[in-house]
Structure formats: structure tokens, C-alpha cells
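Read the structure below first, then the notes.
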Amino acid sequence: MAGPYDLEEQERIEAMKAWWEDNARWVYALIAVAVVAVAGWRGWEYWNRVQNEEASALSQELVRARGDAKKTADLAQALAEKYPRTFYASEAGLVAARTAFDAGDLEGARARLDWVVKNGRAEHKGVARLRLAAVLLDLKKPKEALEVLDQGTDPAFAALTADLRGDIHFSQGRLDEARAAYKLSIEKSDARSPTRNITELKLGALGGKP
């Protein structure tokens, strides 16, 4: 009487057993790697969620501290050190820089903006770069201000960058270059832009025409 399997089936079963004996440890190893990978991904998601929640809490403190230059600077520093990759740390750098600037602390503003330019989120870097160049101009460092502007490539900031470049050239007495920069700013700006009229006034004051 034939068993539950015919001869061909039994041969396949025996072959499978032999393969399993030879390869079981590799299968287990692959399973272990997959488990670790899944656990690692979930751990990464959890870590990011916790990071953002904790950073958000500090960010709320920063909002309440607005106007207090020292407290704002301390909270921005804490966010930069503990949660540097978060949106909140980048945003805090801009807020702290503005608070420092309003308090007359140009070096403090410079330090915060420099951090955002180098370490902040992409969506904040363009704004930070413009503000940093403006602060450097106030610090009588026109060469450094121009170097910062030269690093910017975002077309969304082309008009503002050209306008600020004109201001820097004007501060250096380079009037032809200032006029050229103002003209470029006008060309790159939207006709409805509130800053366009100001740029046109500056260009007119230098004897230029759009």
C-alpha cells in the first residue's frame, strides 16, 4: 500500500529537508536581519516623533519668551544642540536672531543666522542668508556680506538679493555696480512687490533709470 505520498513526492520532501539542513542558518540570519531592520525603522520613526514633540514644547516656550533676548537665545541654543535637525530648531534660530537684532546685539544675531545658513532647514536658509548679509552690512563687513549673498542660488530671492547687493555696493562707494544691482532687482521683482518701489527710489537717487 502506498503511503500518504508517492515516490516522487517523497523525493521532493527529502530534497527539501536536505536543503533546509544546509541552509537553515542562513534563512534564520536573513529573518533576523529583516526583524532588526523593521525594528530599526520603527525605532527611527519613534525617535523622530519624540524629537519633534520635545522640540515643539521648547518652541512654545520660545514663543512665550519673545522679547526676552537672553531667554530666547538660551532656548534657541538648546534647540540647536538637542534637536538640530528639526524645523523648530531652524525656526528658533531666525526668531532668536531677530530678537537679538532688535536688542542691538548684532553679533548675537549674526551667530544665530550663521547657524541657520549652515545647519538649518532648506526652507529657512534663503531668508537666513539675506538677513545675515544685512547684519554683516550693519557690522561694516561688506565683503563678507557679498560672500554670503554669492552662496544663494534660490530664484525666489533673486530680487531681494540684488537689492541688498546694491546697498552693499553703495556702502563701498561702487555706484555703477550699485545701479546695476538695483536695475537687476527691479527686473527680477514682481510689479506688485512692495519692495520694488523702494528699489526704484534708490536707483533714481543714484541717477539711474529702471
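The values are calculated or read from the model by the stated rules, or taken from the named source; none is laboratory data. Computed from a predicted model, the values in this text were never measured in an experiment. Positions of Cβ are backbone-derived with ideal geometry, glycine not excepted, and every protein chain shown enters the neighbour counts.
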Glu200 surrounded by 18 or more Cβ atoms within 10 Å (Cβ to Cβ) and of a type in the set (Asp, Glu): yes
Quick check, is Leu75 in the same structural domain as Leu136 (by TED's automatic domain parsing), over 19 Å from Leu136 (Cβ atoms), in contact with a Phe, Trp or Tyr (Cβ under 8 Å, 6 or more places away or on another chain) and buried (at least 18 other Cβ atoms within 10 Å of the Cβ)? no
When the range 99-118 is checked residue by residue, the ones that are within 17 Å of the chain's Cα centre (by Cα) and surrounded by fewer than 16 Cβ atoms within 10 Å (Cβ to Cβ) are Lys118
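Residues checked against (1) modelled with pLDDT of 95 or more; (2) over 21 Å from Glu91 (Cα atoms); (3) touching a Gly at 6+ places or on another chain (Cβ under 7 Å):
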| position | (1), (2), (3) |
| --- | --- |
| Arg121 | no, no, no |
| His124 | no, no, no |
| Lys143 | yes, yes, no |
| Gln151 | no, no, no |
| Ala158 | no, yes, no |
| Ser185 | no, yes, yes |
| Ala191 | no, yes, no |
| Pro194 | no, yes, no |
| Asn197 | no, yes, no |
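Which one of Ala180, Ala205, Ala159 is under 30 Å from Ala96 (Cβ atoms) and out of contact with any His (no Cβ under 6 Å at 6 or more places or on another chain)?
On the way: Ala180 fails: under 30 Å from Ala96 (Cβ atoms); Ala205 fails: under 30 Å from Ala96 (Cβ atoms).
Result of the check over Ala180, Ala205, Ala159: Ala159.
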